[in-house]
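The values are calculated or read from the model by the stated rules, or taken from the named source; none is laboratory data. Remember, predicted model here, so these are calculated numbers, not experimental data. We place every Cβ from the backbone using ideal geometry, glycine too, and count neighbours over all the protein chains shown. Heavy atoms of the whole protein, side chains included, go into the accessibility calculation; ligands, DNA and RNA do not. Shrake-Rupley method; radii C 1.70, N 1.55, O 1.52, S 1.80 Å.
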Amino acid sequence: MRNELRFAACMWLLSRLVVSMAMLLVAPTLPKPPGGVIPNFGWGVFSHWDSVFYQQIATSGYAGDNVAFFPLFPLCIRALMLLGLSAEVAGVLVNNLAFLGALLLLANWMARQYGTNAARWSAAVLAWCPLSLFGTVVYTEGLYLLCSTATLRAFEFKQYPGVALWGMLATATRPTGIAIVPALIITAWKERRQSIAYLASLAAGSGLLLYSLYCRIYLGDWLAFGRAQQEWKRSLGVDVQGWWKMLMQVVVGTANWKSGRIEDPLHPLLFIAIIALAYCLWRWRSRFNPVKVGYGFCVLVLALWLLAGDPLLNTVAVLGGIYLLWYMRHQLTTIAIAYGFCGLGLLLISGSTWSLTRLVYGIVSLPIALSLLLSRHPRWGYITLVFFTILLILFSVRFAQELWIA
């Protein structure tokens, strides 16, 4: 077990060094991008977009739309600020240390459940996934992954006081954490567990309940955070228009979609060509060496990503995640399957397509499923990790340049 934990710690350290070097050393040397900035060397590169709201809450409390952001992360930042640290430094430390804890917990869980090989792949996938950038900057990803992983692990091993405690912390970290509660209840019913399992499952939602109580006492509205979400253009329901936009951006290109007609035929022609080549490669795969077929698909996937960019990643993150969970359903534990589908289902009805890749990354069931798959196909696993590393560097540079990632 110690070797797996050391491996997870090494994955954390190496991946965080890559992220930090990309943000602090590479990004400042590059020309100013359109819509971005040339970052300065300093803690400020780790603090953009939502980071500002968390720091604002930690320093001045809730006011206006920032009530949409849940309290546990700002509270942790505030606690370190009492030691004399700035909000930026405190936020970076909280998130990075929590992310390290999440990796160690996941490696321990996987080693006990599936063995050493799966444990190492899970740590590698979680650490090198390009969205792991948000485990370093002033965001909630590290803290949420720690709390949610600890909750699921405790439930798997029937440690119900831990389920209640960690679940409460998870649901106090971000609104999507509430997906943990139905996942626990479904698993308890499916596995015919004792009544204490249901009580612990319900107690896991107390983080949301306590924040709602705070909103009622100090803001006069039990659901103030939900109404603030509406200001951010989020409300329950499937964002059909948003999904249609993403699909059209992938198929015909953003410029053609904005104009409402095909002004630039190159993008849709290239998309059709890539899909046709992929079909032909699959149709006549028996005529070629399996390794060459695999490499061919890798090249086509890379070409499709270069063509479609972020809309493709958003679409694949959700739809591909659903397929991955279904494909791996016989290898995954009940709690991993239930939480994966509950988490993805909540994102589908969240009323928005913003930040989908980042929010999907926070559903630990998906890294678990992917790591189990790659552990059985290590050649594709190494290729995947190389691709992940390239994207991780690119995302880190873009975040430092104040360009939107997720």
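Points to keep in mind about this one:
- Going through (1) within 30 Å of residue 42 (Cβ to Cβ); (2) hydrophobic (A, V, I, L, M, F, W, C); (3) assigned to a helix (DSSP H, G or I) one by one, residue 152 falls short only on (1).
- Among the residues of the stretch 270-290, those identified as surrounded by fewer than 15 Cβ atoms within 10 Å (Cβ to Cβ) and either modelled with pLDDT of 85 or more or under 25 Å from residue 256 (Cα atoms) (or both) are 272, 273, 275, 276, 279, 280, 282, 283, 284.
- Screening the stretch 58-98 for residues that are over 15 Å from residue 218 (Cα atoms), in a helix (DSSP H, G or I) and polar (S, T, N, Q) and picking the one that is most open to solvent (accessible area, probe 1.4 Å) gives 59.
- Of 152, 210, 184, all but one fail to be aliphatic (A, V, I, L, M) and open to solvent by 10 Å² or more (accessible area, probe 1.4 Å); the exception is 210.
- Hey, residue 53 without any contact (Cβ under 8 Å) to a residue 40 or more places away in the chain, open to solvent by 40 Å² or more (accessible area, probe 1.4 Å) and not β-branched (Val, Ile, Thr) or not: yes
- Options 365, 355; residue that is open to solvent by less than 30 Å² (accessible area, probe 1.4 Å) and either modelled with pLDDT under 95 or touching a strand residue (DSSP E or B) at 6+ places or on another chain (Cβ under 9 Å) (or both): 355
- Scope the stretch 371-392; condition within 21 Å of residue 108 (Cα to Cα) and open to solvent by 40 Å² or more (accessible area, probe 1.4 Å); matching residues: 373, 376, 378
- Taken over the stretch 286-297, residues that are farther than 20 Å from residue 272 by Cβ and assigned to a helix (DSSP H, G or I) amount to 8.
- Residues (of a type in the set (A, V, I, L, M, F, W, C) and either assigned to a loop (DSSP other than H, G, I, E, B) or closer than 17 Å to residue 145 by Cα (or both)) located in the stretch 171-218: 172, 178, 179, 180, 181, 183, 184, 204, 208
- Taken across the stretch 49-65, residues that are closer than 17 Å to residue 394 by Cα and β-branched (Val, Ile, Thr) do not occur at all.
- Any hit, the stretch 116-129, residues being crowded, with 22+ Cβ neighbours inside 10 Å, β-branched (Val, Ile, Thr) and either under 21 Å from residue 395 (Cα atoms) or touching an Asp or Glu at 6+ places or on another chain (Cβ under 8 Å) (or both): yes
- Selected residue (criterion: nearest to residue 181 (Cα to Cα)) from residues of the stretch 324-338 that are open to solvent by 20 Å² or more (accessible area, probe 1.4 Å) and under 17 Å from the mean Cα position of the chain (by Cα): 337
- Restricting the stretch 36-50 to residues that are in a loop (DSSP other than H, G, I, E, B) and not small (Gly, Ala, Ser), the residue that is most open to solvent (accessible area, probe 1.4 Å): 41
- Tally, over the stretch 248-283, of residues that are among the basic types (Lys, Arg) and not in a helix (DSSP H, G or I): 1
- Any hit, the stretch 263-285, residues being under 30 Å from residue 380 (Cα atoms) and among the hydroxyl-bearing types (Ser, Thr, Tyr): yes
- When the stretch 253-269 is filtered for residues that are open to solvent by 70 Å² or more (accessible area, probe 1.4 Å) and in contact with a Pro (Cβ under 8 Å, 6 or more places away or on another chain), only 262 remains.
- Residues located in the stretch 99-115, provided they are over 17 Å from residue 13 (Cα atoms), aromatic (Phe, Trp, Tyr) and surrounded by 21 or more Cβ atoms within 10 Å (Cβ to Cβ): 109
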